[in-house]
Amino acid sequence: MLRSLLLMTLGVMLITANDAATKYLVQTYPVGQVIGLRQSATLLVLLPCVLLFGGWSQLRVVDVRGQLTRGLLFILGSVLIVWSLAELPLATAITMLFASPIFMVMLSVPMLGEKIRSHRWVAVIGGFLGVLIILRPGGESFHWTLLLPLLAAAVNALRDVMTRRMSRTESSVSILFWSNIILMIGGFSTLPLGWLPVDFHSALWIIAAGVFNGTAHFCMIEALRTGEASMLAPIRYTALLWAALFGFLLWGDVPDFWLWLGAAVIVASSLYMINRERVRRG
């Protein structure tokens, strides 16, 4: 179990480092260019993973429509996240993405036919209040760009619910690989809109973002393969600490009181739901 905990911790740190590198890049380069080149660099990690997890046969596609739909959702979610990173402090964007489990609970009823128990609705309502604390609609600090990561969280939740359905026929490696290819193609399709020349310094940032991204997903998949999901899920919230650290070191951003309060409410709501699920199943 210790190995799984360490892998998940490393994965969360690396995916947040990927977000920080992406935020740095979109300050200079178009969103589509950053996504296309970053996902190309991600192949440096994904291709060895394919060989490690059983070879090319693992990339077999059964649910073509599901793979394409998930890939398109991956594109939309990635664009919203990268746009959020361009417009908002890193910690703010990461915290708003924590709302994804709220949307997952809501979507699991119509899409998976799951019955939502009372403690899940308590967690959803609590998480929504946390989002409102951060957004503070009607206040002077509210800006429409705060809705970008919230929309990204909703799209990612829909993508993850679809992933649960697809896992009946598709391997984890197949889902991860083909979604990356679709996202890479989506990024390269923006080439006619105008790309900028990439200097050596920026190329290193792109390679770093891709390697961080691919390695993070590998670590998290491996962690979930050998560890209990309910035990590993809370570690995802350490992303806020990494985001605050990277944001301060790179841009001097310091999260305000309302962000920490809203994040605490969202995290507490999710941990409450996870604990109740563990008690119910135990």
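For the criterion of being closer than 22 Å to Ala233 by Cα, at pLDDT below 85, among the aromatic types (Phe, Trp, Tyr) and crowded, with 22+ Cβ neighbours inside 10 Å, Phe212 fails.
Only one entry of Arg120, Arg164 meets the criterion of being at pLDDT below 90, farther than 17 Å from Arg65 by Cα and charged (D, E, K, R), and that entry is Arg120.
Of the residues making up the range 88-122, those that are in a helix (DSSP H, G or I) and either surrounded by 24 or more Cβ atoms within 10 Å (Cβ to Cβ) or within 20 Å of the chain's Cα centre (by Cα) (or both) number 17. Residues that are part of a helix (DSSP H, G or I), over 30 Å from Thr92 (Cβ atoms) and not aromatic (Phe, Trp, Tyr) are absent from the range 32-42.
Looking at the structure I just gave you, is Leu129 in contact (Cβ under 8 Å) with a residue 40 or more places away in the chain, closer than 28 Å to Leu14 by Cα and not polar (S, T, N, Q)? So Leu129 does not fit the description; no. Suppose we keep only residues that are small (Gly, Ala, Ser) and under 11 Å from Gln58 (Cα atoms) within the range 170-193. Which one would you say is modelled with the lowest pLDDT? The residue in question is Ser172.
Per-residue answers, yes or no, for (1) closer than 23 Å to Arg236 by Cβ; (2) modelled with pLDDT under 80; (3) among the charged types (D, E, K, R):
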residue: Asp63; (1), (2), (3): no, no, yes
residue: Leu72; (1), (2), (3): no, no, no
residue: Ile102; (1), (2), (3): yes, yes, no
residue: Ile133; (1), (2), (3): yes, no, no
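Across the range 1-59, which residue is farthest from Gly227 (Cα to Cα) among those that are charged (D, E, K, R) and buried (at least 20 other Cβ atoms within 10 Å of the Cβ)? It comes out as Lys23. Taking the listed residues Arg70, Arg65, the one that is surrounded by 16 or more Cβ atoms within 10 Å (Cβ to Cβ) and either charged (D, E, K, R) or part of a loop (DSSP other than H, G, I, E, B) (or both) is Arg70, with no other qualifying.
Every condition in (1) surrounded by fewer than 17 Cβ atoms within 10 Å (Cβ to Cβ); (2) among the aliphatic types (A, V, I, L, M); (3) in contact (Cβ under 8 Å) with a residue 12 or more places away in the chain holds for Ala203 except the one numbered (3).
Here Pro110 fulfils each of the conditions (1) in contact (Cβ under 8 Å) with a residue 12 or more places away in the chain; (2) within 28 Å of Ser174 (Cα to Cα) apart from (1).
When Val254 is tested against (1) within 26 Å of Met96 (Cβ to Cβ); (2) in contact with a Pro (Cβ under 8 Å, 6 or more places away or on another chain), exactly one condition is not met: (2).
The values are calculated or read from the model by the stated rules, or taken from the named source; none is laboratory data. Just so we're clear, the structure is a prediction, and the values are computed from it rather than from any experiment. Positions of Cβ are backbone-derived with ideal geometry, glycine not excepted, and every protein chain shown enters the neighbour counts.
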